[in-house]
Amino acid sequence: MKDKIILFDLDGTLIDSTQAVYEGVCKAFETFNHPIPSYEKVSLQIGHTLEDMFKTFGVESSKIPEFIAVYREYYGEICNAKTHLLDNAQQAITEAYSFAHLGVVTTKTGKYSKIILEHLKVLEYFTCVVGREDVKEAKPSAEPILLALKSMPTNIAQDNIYMIGDTPLDIQAANNANIKSIGVLSGYASLELLQQYTNHIVQDALEAVQKIKGI
């Protein structure tokens, strides 16, 4: 009997697609002759929406949709080859599935998230995958989490619903949705940054799942 719900962020929590994201960004900037940001700067923006990412890198608001269109087309071509599961992620997913209903809440598009998860042979474990195009407001809004929960059984106690993620956006979204959260250090935020938002921090998704299982 599954008595918990666990929602996972994707990038930095279950998968590493940094190279694919960076190459997609490079393609967009090259296409429009815009100075290319460094790998490190792009990495720090992963987890934010593409709109916010391109805005941070100085793209004019009116041109952002064009940059995103180029990015997505190229990203779609390379994402499977340039993405892999993080260490212990496979075990985290299968162990969580043994006692909880699982979902993904990400600022990636749901379309490419599902393609990647299917390629990595783990899509079948998730009841839902909520992506950027599924909501008006991305994390840190509660909207993506609340939408994911609509796909889940309604008899799960609020205290047994968790969000696992690697950035403050994940923690804030969980807080806004009034569910529990655990921060992981496998992704793009430092311990010092996560500590500003939560005291519940572990090394990776597997440790987070095992912590939830033991509660």
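The values are calculated or read from the model by the stated rules, or taken from the named source; none is laboratory data. What you see is a predicted model; the values in this text were computed from it and never measured. FYI the Cβ positions are ideal-geometry reconstructions off the backbone, even for glycines, and counts take in every protein chain you see. Side chains are part of the model used for accessible areas, which takes the heavy atoms of the whole protein and leaves out ligands, DNA and RNA. Shrake-Rupley method; radii C 1.70, N 1.55, O 1.52, S 1.80 Å.
Cross-linked pairs 150/180; 41/150; 2/150; 55/121: Cα-Cα separations exceed 24 Å for 41/150; 55/121. Against the longest principal axis of the chain, how steep is helix 110-119, in degrees 0 to 90 to the nearest 10, with axes from Cα atoms? Approximately 70 degrees, to the nearest 10.
The charge dipole of the chain, taken about its Cα centre with unit charges on the Cβ atoms of Lys, Arg (+1), Asp and Glu (-1) only, comes to about 400 debye. If you sort 139, 63, 121, 2 by accessible surface, 1.4 Å probe, largest first, the order is 121, 63, 2, 139. Whole-Hz Karplus values for region 2-9 come out as 8, 10, 9, 10, 10, 9, 10, 5 Hz, taken residue by residue from phi with 6.51 cos²θ - 1.76 cosθ + 1.60 and θ = phi - 60°; glycine and proline positions read x. Among 68-77, 109-118, the peptide with the highest mean count of other Cβ atoms within 10 Å heads the list, and the full ranking is 109-118, 68-77. Residue ranges 5-15, 178-188 sort as 5-15, 178-188 when ordered by packing (mean number of other C-beta atoms within 10 Å per residue, highest first).
Other residues whose C-beta falls under 10 angstrom from the C-beta of residue 167 contribute a net charge of -3, scoring Lys and Arg +1 and Asp and Glu -1.
Amide H contacts of residue 163: 7, 180, 181, 182, each under 5 Å away and 5 or more positions distant or on a separate chain (H built 1.01 Å from N in the peptide plane; Pro and chain starts excluded). Per residue, the solvent-accessible area of region 15-70 (1.4 Å probe, heavy atoms of protein chains only, all protein chains present) comes to 50 Å². Here is the P(r) of region 1-107: all C-alpha pair distances, binned every 10 Å from 0, give 14, 41, 26, 15, 5, 0 in whole percents. The relative contact order of region 1-142, computed from alpha carbon pairs under 8 Å that lie at least 6 residues apart in sequence, is 34 percent. The long axis of helix 18-31 is offset from the longest Cα principal axis of the chain by roughly 30 degrees.
According to the Cα-based calculation, Rg over Rh for region 126-172 is 0.95, with Rh computed by the Kirkwood formula. The Kirkwood hydrodynamic radius of region 1-52, based on inverse pair distances between different Cα atoms, is 12.8 Å.
When the surface is traced with a 1.4 Å probe over the full set of protein chains, residue 120 keeps roughly 30 Å² accessible. Only helical runs count toward this figure. For the chain, summing -39,500 (n - 2.57) over DSSP H runs of n ≥ 4 and dividing by all residues gives -12000 deg cm²/dmol at 222 nm. Rounded, prolate or oblate: pick one for region 112-215, where a ≥ b ≥ c are the square roots of the eigenvalues of its C-alpha gyration tensor, a/c under 1.5 means rounded, and failing that, prolate if a/b is larger than b/c, else oblate. The shape class here is rounded.
As a length-normalised measure over Cα pairs under 8 Å and 6 or more apart, the relative contact order of region 64-139 settles at 32 percent. A convex hull fitted to the Cα coordinates of region 97-145 yields 69 cubic angstrom per residue.
Taking Cα atoms only, the orientation of helix 64-78 departs from the longest principal axis of the chain by about 70 degrees.
With both residues required to sit in the chain, DSSP beta bridges show an antiparallel share near 10%. What is the local net charge at residue 209, summed over the other residues whose Cβ is closer than 11 Å to its Cβ (Lys, Arg +1; Asp, Glu -1)? Residues near residue 209 contribute 0 overall. Taking amide H as placed 1.01 Å from N in the peptide plane, residue 129 has its amide H under 5 Å from the amide H of 104, each at least 5 places away in sequence or on another chain.
Annotation: Cα Rg of the chain relative to the compact-globule expectation 2.2 N^0.38 Å equals 0.98. Here's the list of aspartates and glutamates a cross-link from residue 114 could span, going by alpha-carbon distance under 19 Å and ignoring same-chain residues fewer than 8 apart: 9, 11, 16, 73, 77, 124, 133, 134.
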